[in-house]
Amino acid sequence: MAIKLGTLELKNPVILASGTCGFGEEIKNLVDINKLGAIITKTITLEKREGNPPPRVVETPAGLLNSIGLDNDGLKDFMFDKVPHLERLKVPVIVSIAGDSVGEFVELAEKISKVPCIRAMEVNLSCPNVTHRSTKFALLAQDASSVEKIIARLKKATHLALIAKLSPNVTDIKAVASAAKAGGVDAVSLVNTYPGMAVDISTMKPRLGGITGGLSGPAIKPLALKCVRDVYSSVKIPIIGSGGIMRAEDAVEFILCGASAVQVGTANFVNPRAPLEILEGIKKYLKKKKIKNVESLVGKLKT
Ligand SMILES: Cc1cc2nc3c(=O)[nH]c(=O)nc-3n(C[C@H](O)[C@H](O)[C@H](O)COP(=O)(O)O)c2cc1C
């Protein structure tokens, strides 16, 4: 079940998605996370962020809308409060980072690189619930040249593997993945949530305090799959698929479309054991199809 994402080697392809497993501590009594390929922490920023006003989460018929707004306690708290817990985990830890400027990203990367238990960084260029000062685009991942610039700077600032988390809310995701590759990433995560909203007609108000949010869960799976297929067929870069993976069959679809690994997000809120069930289900599928390892399944969609 081992897989390679550039310089990052994992014992299996099932990863907990950022923002849906806290820092591991929050869910470690619900699921044996050490059996998974890796966990990705909640995105951290240099300074503490309060996030968006409540309500921050709304269920939709086939998904979840969230407008958390990168609420986190900042780098200092991460170092003193979260790292001691992360050090005790046996699962590889990937830290998700976001910044308002290239300088912020670089400072985060330099400091996080000094923590021995951290294996990689996922660069969150795609949170739909925050705005950025450094570009005229709503999301950094909408500007291919910013993506390349940030990744290239981070590459110089860290020895850790780098993953760029991209947004589906772009005209051409292949161009952005290509820019991330040119900057030097080890892999791309495809995709973050889709922008959306929900309205309460009794109050005539938006259901989310932040008005709009990011849609995740089964509703986005077909859209996310297409992003993975598009990038896989045109850019040579390892892909981590994300978007509506609830069961092993979903994960297999992503792997067939070209994902070397998968992230499980919204499913954790429904069934914290889902990631382990997905892992076991992928193994069963390989056995049934007589495929000797998961890497041989990547991109094997018959068209
Ligand atoms: C409540 C919630 C919080 C999230 N927070 C983050 C975050 O801090 N950073 C990030 O990169 N993605 C965040 N995401 C996006 C997920 O990591 C994932 O990419 C997305 O939800 C799609 O996968 P899913 O359909 O399996 O949930 C969040 C998603 C949810 C539902």
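The values are calculated or read from the model by the stated rules, or taken from the named source; none is laboratory data. Computed from a predicted model, the values in this text were never measured in an experiment. Glycine gets a Cβ as well: all are built from the backbone with ideal geometry, and neighbour counts include every protein chain shown. Remember, those area values only see protein heavy atoms, side chains included, never the ligands or the DNA or RNA. Shrake-Rupley method; radii C 1.70, N 1.55, O 1.52, S 1.80 Å.
With each run of n ≥ 4 DSSP H residues scored as -39500 (n - 2.57), what mean residue ellipticity at 222 nm is computed for the chain after dividing by its residue count and rounding to the nearest 500 deg cm²/dmol?
It comes out at -8500 deg cm²/dmol, rounded to the nearest 500.
Out of the trypsin sites (Lys or Arg not before Pro) in segment 109-198, which ones are loop residues according to DSSP with at most 16 other C-beta atoms within 10 Å?
Sites meeting the loop and neighbour criteria: Lys114, Arg133, Lys136.
Any idea of the accessible area per residue across the chain, 1.4 Å probe, to the nearest Å²? Kindly include the intermediate steps, with their values, before the conclusion.
Working: 13500 Å² over 303 residues.
Spelled out: the 1.4 Å probe surface of the chain, per residue, equals 45 Å².
First compute the accessible area of the chain with a 1.4 Å probe, then give the percent of it belonging to carbon and sulfur atoms.
Here carbon and sulfur together make up 54 percent of the probe-accessible area.
Can you compute the charge dipole magnitude of the chain about its Cα centre, using +1 on each Lys and Arg Cβ and -1 on each Asp and Glu Cβ, nothing else charged? Give it in debye, rounded to the nearest 20.
1120 debye
Can you bin segment 1-90 into rounded, prolate or oblate? Criterion: square roots of the alpha carbon gyration tensor eigenvalues sorted a ≥ b ≥ c, rounded for a/c under 1.5, prolate for a/b above b/c, oblate for the rest.
oblate
Under 8 Å for C-alpha pairs, at least 6 residues apart: give me the relative contact order for segment 12-69, rounded to a whole percent.
31 percent
Answer rounded, prolate or oblate for segment 23-176, using the Cα gyration tensor with square roots of eigenvalues a ≥ b ≥ c: rounded when a/c is under 1.5, else prolate when a/b is larger than b/c, else oblate.
Oblate, since a/c reaches 1.5 and b/c is not below a/b.
Ignoring ligands and nucleic acids, what accessible area does Lys42 show with a 1.4 Å probe (Å², nearest 10)?
Spelled out: Lys42, probe radius 1.4 Å, area about 40 Å².
Out of Ile255, Ile220, Ile245, any idea which swings most in a Gaussian network model of the chain, alpha carbons joined below 10 Å?
The residue with the greatest mean-square fluctuation here is Ile220.
Based on the alpha-carbon gyration tensor of segment 206-303 and its eigenvalue square roots a ≥ b ≥ c, which shape applies: rounded if a/c is under 1.5, prolate if not and a/b is larger than b/c, or oblate?
Working: a/c = 2.82, a/b = 1.43, b/c = 1.97.
Verdict is oblate for segment 206-303.
Based on a Kirkwood Rh over C-alpha pairs, give the Stokes-Einstein translational diffusion coefficient of segment 191-232 at 25 °C and viscosity 0.890 mPa s in µm²/s.
Answer, rounded: 208 µm²/s.
Ordering Asp32, Asp186, Asp77 by accessible area with a probe of 1.4 Å, largest first, what comes out?
Asp32, Asp77, Asp186
Where does each of His85, His159 land when they are ordered by accessible area, with a 1.4 Å probe and the largest first? Intermediate results must be reported in sequence, preceding the final value.
On the way: His85 55, His159 140 Å².
Final ranking, largest accessible area leading: His159, His85.
Just how far, in whole angstrom, is segment 10-26 from segment 232-273 if you go by their alpha carbon centroids?
Using only Cα atoms, the two centres lie 13 Å from each other.
Please list the non-local residues whose amide H lies under 5 Å from the amide H of Leu16, H modeled 1.01 Å from N, same-chain partners needing a gap of 5 or more.
Ala38, Ile39, Ile40, Val264
Which one of Thr158, Gly213, Pro128 has its Cα pushed farthest toward the positive end of the charge dipole of segment 82-240, where Lys and Arg give +1 and Asp and Glu give -1 at the Cβ?
Highest projection toward the positive end goes to Thr158.
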